[in-house]
1. Can you compute the FRET efficiency between B:Ser73 and B:Val44 using 1/(1 + (r/R0)^6), with r the Cβ-Cβ distance and R0 = 25 Å? Round to the nearest 0.05.
2. Multiply the residue gap between A:Leu115 and A:Gln169 by 0.36 nm, knock off their C-alpha separation, and tell me the result in nm, one decimal place.
3. For region A:96-192, what value does the Rg/Rh ratio take when both radii are computed over Cα atoms and Rh is the Kirkwood radius, given to two decimals?
4. Can you compute the modelled spin-label distance between B:Leu30 and B:Ala15, with each label point 7 Å from Cα toward Cβ, in nm?
5. Among A:Tyr141, A:Tyr201, what is the fewest-to-most ranking by other Cβ atoms within 10 Å?
6. Taking 0.36 nm per intervening residue step and subtracting the Cα-Cα distance, what contour gain separates A:Asp27 from A:Leu133 on full extension?
7. Taking every alpha carbon pair in chain A, what does the distance histogram look like in 10 angstrom bins from 0, in percent?
8. So for chain B, what are the equivalent ellipsoid semi-axes in whole Å, largest first, each being the square root of 5 times an eigenvalue of the Cα gyration tensor?
Amino acid sequence: MSDTFLRKGNNFESETSPKKVKRLPGDEVIWVFLLGDMTVFSCVFIMFAYYKAASTDIFLQSQAELSIAAGSINMLLLLTSSLFVILALKSARKSSVNLSSKLLAAATLCGAGFLAVKAFEFYEKTSQGITFLTNDFYTFYFLITGIHFAHVVVGVAVLMYFSIAIRKQRMDEKNINILESVGSYWHMTDLLWVLIFPIIYLLP
Amino acid sequence: MNKEIFHSRETLVWAILILVSFITWILSALHGVLYTSPAINSVVILLLAFFKVRLIIMYYMEVIDAPVTLKYSCDLWITASFVGLFLVVSGIAT
């Protein structure tokens, strides 16, 4: 699978970039999982849009009951957490484990913040008597955001573990590879929210 | 904390992601003011969303430096997902 190709580093790097060799970030197994997961979500998004086209009024009425502010805060939290994760990986590659640990901890906090905001949204809806069975919109809403929530829970737990464990690990190729896989999983949860928020909360 | 780590391509990507998120929010809030068709508004918002998704895949998941097989697979997923949604929200497939 690997191609060999030499590229110059870009001007935004703070250090002198070495020539880059094309390599797989993480391993093949994680990428099969990630692309499979993303494909399932895409199919559900398309189904949501299809059902919305058939029941536009109900969907728009229910959509208006969602909090754009909460969704926007969660977007900011996940985008920022992703930045922290990629910077943590770059630090780990330079064997700056203390900095990497702090960045992973910061990403964990952002993820925890997302979970808190989302949990509040779920609580607010259920306390108003709105559930999975209220109408088709809310069936999709709770299904999509609920499964995404579960993904973020796993991601936060793993990030928290690595923010601690990295201080005791030697940053060899194997551990860097694991961190890349963890990072890719987290970025997937981020990109899924990048799609979930506009599709469910914003599209007219 | 080493501030130099933030002077990077990834931080620039983050700034672009935040800016595009803000633009998307503005477009959503101004629906009916810029243009009346919800289908056009939806397609524009989706385009911006998938632009952000591609930035995350290429620069955060580091696929831009990955073998072409992975790069093509990711671009195929992005394209297929966008086209599928486009066909439905534009009314072509409903």
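Nothing in this text is a laboratory measurement; each read-out follows from the coordinates by a stated rule. Keep in mind that this is a model prediction, so the values were computed, not measured. Positions of Cβ are generated from backbone atoms using ideal geometry, with glycine treated the same way; all protein chains shown enter the neighbour counts.
1. On the way: r = 26 Å, r/R0 = 1.06.
Once the sixth-power term is evaluated, E becomes 0.40.
2. Here the answer is 16.6 nm.
3. Computed over Cα atoms, the ratio is 1.12.
4. Going from the B:Leu30 label point to the B:Ala15 one covers 2.3 nm.
5. The fewest-first ordering by Cβ neighbours comes to A:Tyr201, A:Tyr141.
6. Here the segment from A:Asp27 to A:Leu133 would lengthen by 34.2 nm.
7. For chain A, the pair-distance distribution reads 8, 30, 31, 19, 10, 2.
8. 29, 21, 5
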